[in-house]
Amino acid sequence: IFSRVIFGARVSLTVGFLAPVFGMIIGLALGMVAGYFRGIGESVVVALIDIILAFPNIVLAMVILFFAGADMINLIIVLTVTSIPANTRIARASTLSYTQREFVMAARAQGASDLRIIFHEILPNIILPQLTYILSFMSIIIMIEGSLSFLGVGIPPPIPTWGGMIAEGFDCFR
């Protein structure tokens with residue numbers, strides 16, 4: 001049992017690490033574009049994020065995994081999609097606050113391009129709140145992955161996962 005727990009940690013920790021990191025990368029890009037350029041692009045990004053937030057994470061994951069099939073790639077993709085909205089909102093809010101700061105205005109006055117301002121002035125300042133968020137969100141992703149495996153829509157049973165092992169031993173608790 002202990003070796004299965006250790007081997008099951010591989011799946012849970014891989015999903016728990018990759019999904020928030022991919023969600024942060026996509027969320028950073030969307031949030032910085034929405035916060036820096038504003039206008040119609042911001043409206044589209046905010047509307048897209050609101051659509052994703054309209055569905056509960058675990059229900060959305062269950063439906064997609066039920067129809068798409070439960071393997072590690074699909075699980076990472078689904079949990080990445082569920083982690084994009086919060087990352088986008090954090091990046092957008094941070095970008096909005098930094099675009100009006102003196103060092104960004106000074107870079108603009110020196111003739112820096114928009115891409116240079118985004119990558120050299122804004123990104124280094126907003127990456128720390130993003131990293132802090134994804135470190136705390138990793139535990140939630142691991143819990144969602146375990147819940148999906150416990151409910152039978154996660155990784156199939158021959159591969160041990162923490163939620164699948166709890167589901168197998170659930171009869172002993174009765």
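The values are calculated or read from the model by the stated rules, or taken from the named source; none is laboratory data. Note that the structure is predicted; figures quoted are calculated from it, not measured. In this analysis, Cβ positions are derived from the backbone assuming ideal geometry, glycine residues included, and neighbour counts consider all displayed protein chains. Note: areas computed on protein heavy atoms with side chains; ligands, DNA, RNA excluded. Shrake-Rupley method; radii C 1.70, N 1.55, O 1.52, S 1.80 Å.
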> Which residues, counting only those in region 63-80, are assigned to a helix (DSSP H, G or I) and open to solvent by 30 Å² or more (accessible area, probe 1.4 Å)?
Replying inline: VAL63, ILE64, PHE66, PHE67, ALA68, MET72, ILE73, ASN74, ILE77
> Which of the residues that make up region 131-174 are touching a residue at least 60 places away in the same chain (Cβ under 8 Å), among the polar types (S, T, N, Q) and farther than 15 Å from ILE76 by Cβ?
Replying inline: SER139, SER147
> Only one residue in ILE58, ILE52 is touching a residue at least 40 places away in the same chain (Cβ under 8 Å), within 15 Å of the chain's Cα centre (by Cα) and surrounded by fewer than 19 Cβ atoms within 10 Å (Cβ to Cβ), so which one is that?
Replying inline: ILE58
>> Against the conditions (1) in contact (Cβ under 8 Å) with a residue 24 or more places away in the chain; (2) open to solvent by 30 Å² or more (accessible area, probe 1.4 Å), where does ILE122 fall short? Just the number, please.
In response: (2)
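Every residue in region 90-119 that is in contact with a Phe, Trp or Tyr (Cβ under 8 Å, 6 or more places away or on another chain), buried (at least 17 other Cβ atoms within 10 Å of the Cβ) and assigned to a helix (DSSP H, G or I), please.
Residues of region 90-119 in contact with a Phe, Trp or Tyr (Cβ under 8 Å, 6 or more places away or on another chain): 90, 95, 99, 104, 114, 117-118.
Now narrow it down to the ones that are buried (at least 17 other Cβ atoms within 10 Å of the Cβ): 90, 95, 99, 104, 117-118.
Within region 90-119, ILE90, THR95, VAL104, ILE117, ILE118 qualify.
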>> Filter region 153-174 down to the residues that are open to solvent by less than 70 Å² (accessible area, probe 1.4 Å), assigned to a helix (DSSP H, G or I) and hydrophobic (A, V, I, L, M, F, W, C) and list them by number.
In response: MET165, ALA167
> Do we find a residue being more than 30 Å from ALA9 (Cβ to Cβ), assigned to a helix (DSSP H, G or I), open to solvent by 70 Å² or more (accessible area, probe 1.4 Å) and among the charged types (D, E, K, R) anywhere in region 31-39?
Replying inline: no
>> Filter region 131-152 down to the residues that are open to solvent by 60 Å² or more (accessible area, probe 1.4 Å) and under 19 Å from the mean Cα position of the chain (by Cα) and list them by number.
In response: LEU131, THR132, LEU135, SER136, SER139, ILE140, MET143
